[in-house]
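*Asks:* This is the structure, below, for whatever I ask next.
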Amino acid sequence: MALDAAEQLSDRADGDARQGVRVRRRYIIRLVSGYSHETATTTAVHFPAGGVTTPGRNLYLLFVASWFLHLPARLPALGAIRIDLLLVVVLVIIAFINRPKEETAAATPTDKALRMLFVYAILAAPFVEWPGSVLRAGIPEFIKAAVFYYFTVAFVRSESDLKALLTVFVACQVYRVLEPLYLHFAYDYWGSAASMGGSDFLERLSGSPWDVVNPNGLAAVICTVLLFLYYMAGLSPLTTVAFLSVVPICLYALSLTGSRSGFLALLVILAVIVLKAQRRLLVGAAGAIVLLVGFQFLSADQRDRYLSVFGEGERNAQTAEQRIDNLESDLAVGMRRPILGYGLGTSREANANFGERDAPSHNIYLEVFQELGLVGLPIFLVVLGSIIRACLELKRTRAGTDASAFQPRLSDAMQVWLWMNLLFSLASYGLSDYTWYLLGGLAVAMRRMAVAPTTNVPRALGM
């Protein structure tokens, strides 16, 4: 009997040893293949820490450049082969092939809410006012915007990926500012005009003829460039030179847009930067001096337009009141179909047929209400809320890590961008705009890199 017990103990020891070998082997395989496990959290569960193949990342960067610079419109050959759609298909295939076996970013609250929003838009399509418009334009435009979330999560796996994406993104936005400004000086290009009451109009700079942004959209691009260049300045001599040389040009271009939303966004950016700065008094004073000096170089009509934000303008005060009237009209249009809405991507069509102007609602919440109704609006608010929480948690996440100077700066820039976009959401449409989805994808990628990837290593090694 004693011999039997000894044999059982020996067999059990051999079994434990073999189990330990299998555990170590699985861990080594994961380590070599670039994957690791982490403890589940409320916003990230088992993210893979390894990188994705370089071709996938590079193709994503090509897609970003093509999207923002509108290469198919500039180069007919690329338009003929539908380069953007082709890149999306190829990137989806690469992302599927390289997907990790562990539970990934598909479990994040943002992804769940995005799926729910997409499914609802499809299921509601047969019961809305214009189902054909939903299938022909609404859903495709939404997909084009949402891929920025999924592709950023799939292909941004390291700090070098982050730097590459940010470099291409900011460079494209700078070009979108410089191009119409060059056309303005070379050919007296404006692109848009705004009524100042009666028969008087104020010429306003918009995106180039190859771009799709109006003056308010160009102002949003300019503010985006300003905040990212500010936070990246100091990382290297090149980024410092870029900041000092581009910022004056951007401020001048912003004045030409005549965008009151852009002016308010600039104030919000300055306020948040001051709150985050260590030398608040110095940064605040420098910003105030730049604004006061710049205001003196504006034309009389431009000054009047910006002063109308505070109820001080004379000729542009009427247009400020019209913005409120337009919002009331948009709400009335939405109340015609308050439950399911008119369908995804149909805000402009609804206002043209039942409202007072041929334009989408210049308020993202009214836009969503018009298109998705009272059923879809809460779903979108969940999407928005998940992105906001992910961005605000970045500071707490990185507090216990050894992040380089780049990641803390990018985290601050993203949070300022968040507040800027919340302001613009009150005065612009954006359900099928890239901004929120790229911001959400960056937040997931940043959190994944900040969380320690070796939480369970001692247990896996049997220590």
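*Asks:* Can you give me the long-range amide H partners of L205? Hydrogens built in the peptide plane at 1.01 Å from N, cutoff under 5 Å, separation of 5 or more residues or another chain.
*Replies:* Sorted by chain and number, the residues that satisfy this are T257, G258.
*Asks:* In nanometres, what is the gap between the two model label sites at L85 and D200, each 7 Å from Cα along Cα-to-Cβ?
*Replies:* Result: 4.8 nm between the two label points.
*Asks:* Taking the mean number of other Cβ atoms within 10 Å as a proxy for protection, how do you rank 136-143, 82-89, 365-372 from highest to lowest?
*Replies:* Going from most to least packed, we get 365-372, 136-143, 82-89.
*Asks:* Using per-residue counts of other Cβ atoms within 10 Å, averaged over each peptide, order 116-123, 378-385 from highest down.
*Replies:* Taking the mean over residues of other Cβ atoms within 10 Å, the ranking is 378-385, 116-123.
*Asks:* Still on this structure, I have one more. Order 65-74, 415-424 from most to least packed using the mean count of other Cβ atoms within 10 Å.
*Replies:* By packing density, highest mean first, the sequence is 415-424, 65-74.
*Asks:* Once fully extended, how much extra length lies between L238 and L331, figured as 0.36 nm per residue of separation less the alpha-carbon to alpha-carbon distance?
*Replies:* Extra length available between L238 and L331 comes to 28.7 nm.
*Asks:* Put a dot 7 Å past each Cα toward the Cβ at L135 and F185; how far apart are the dots in nm?
*Replies:* 5.1 nm
*Asks:* Neighbouring Cβ atoms within 10 Å as the yardstick, rank C250, C223 fewest first.
*Replies:* The fewest-first ordering by Cβ neighbours comes to C250, C223.
*Asks:* Can you run phi through the Karplus equation (6.51, -1.76, 1.60; θ = phi - 60°) for segment 112-125 and list ³J(HN,Hα) in whole Hz, with x for Gly and Pro?
*Replies:* Running phi through 6.51 cos²θ - 1.76 cosθ + 1.60 with θ = phi - 60° gives 4, 5, 4, 4, 4, 5, 5, 5, 4, 4, 6, 5, 7, 3 Hz.
*Asks:* Then there's this: Only residues of segment 210-247 count here: report those whose backbone N is under 13 Å from the spot 7 Å along Cα→Cβ of F297, or say none.
*Replies:* 245-247
*Asks:* 7 Å from Cα along Cα→Cβ at both E159 and Y252: what's the point-to-point distance in nm?
*Replies:* 3.6 nm
*Asks:* Figure the gain on full extension for N58 and L381 (residue separation times 0.36 nm, minus the Cα-Cα span) and round it to one decimal in nm.
*Replies:* Using 0.36 nm per residue and subtracting the Cα-Cα distance, I get 113.0 nm.
*Asks:* Relative contact order for segment 108-455: what is it in percent, counting Cα pairs under 8 Å that are at least 6 residues apart?
*Replies:* 25 percent
*Asks:* Could you give each residue of segment 418-428 its phi-based ³J(HN,Hα) in whole Hz, using Karplus coefficients 6.51, -1.76, 1.60 with θ = phi - 60°, and x for Gly or Pro?
*Replies:* Using θ = phi - 60°, the values come out as 4, 5, 4, 6, 5, 5, 4, 5, 7, 9, 7 Hz.
*Asks:* Based on the Cβ-Cβ distance of A277 and R74, what FRET efficiency does E = 1/(1 + (r/R0)^6) give at R0 = 35 Å, to the nearest 0.05?
*Replies:* Computed FRET efficiency for A277 and R74 comes out at 0.30.
*Asks:* I need the phi-derived Karplus couplings for segment 361-368: 6.51 cos²θ - 1.76 cosθ + 1.60, θ = phi - 60°, integer Hz, Gly and Pro marked x.
*Replies:* Once θ is set to phi - 60°, the couplings for segment 361-368 become 4, 8, 7, 4, 6, 5, 4, 5 Hz.
*Asks:* In debye, nearest 20: dipole of segment 108-455 around its Cα centre with unit charges on the Cβ of K, R (+) and D, E (-)?
*Replies:* 1320 debye
Read-outs: derived from the displayed coordinates by stated rules, not from any lab. Given the structure is predicted, the values throughout are model-derived calculations rather than measurements. Cβ: placed from backbone, ideal geometry, glycine included. Neighbour counts: every protein chain shown.
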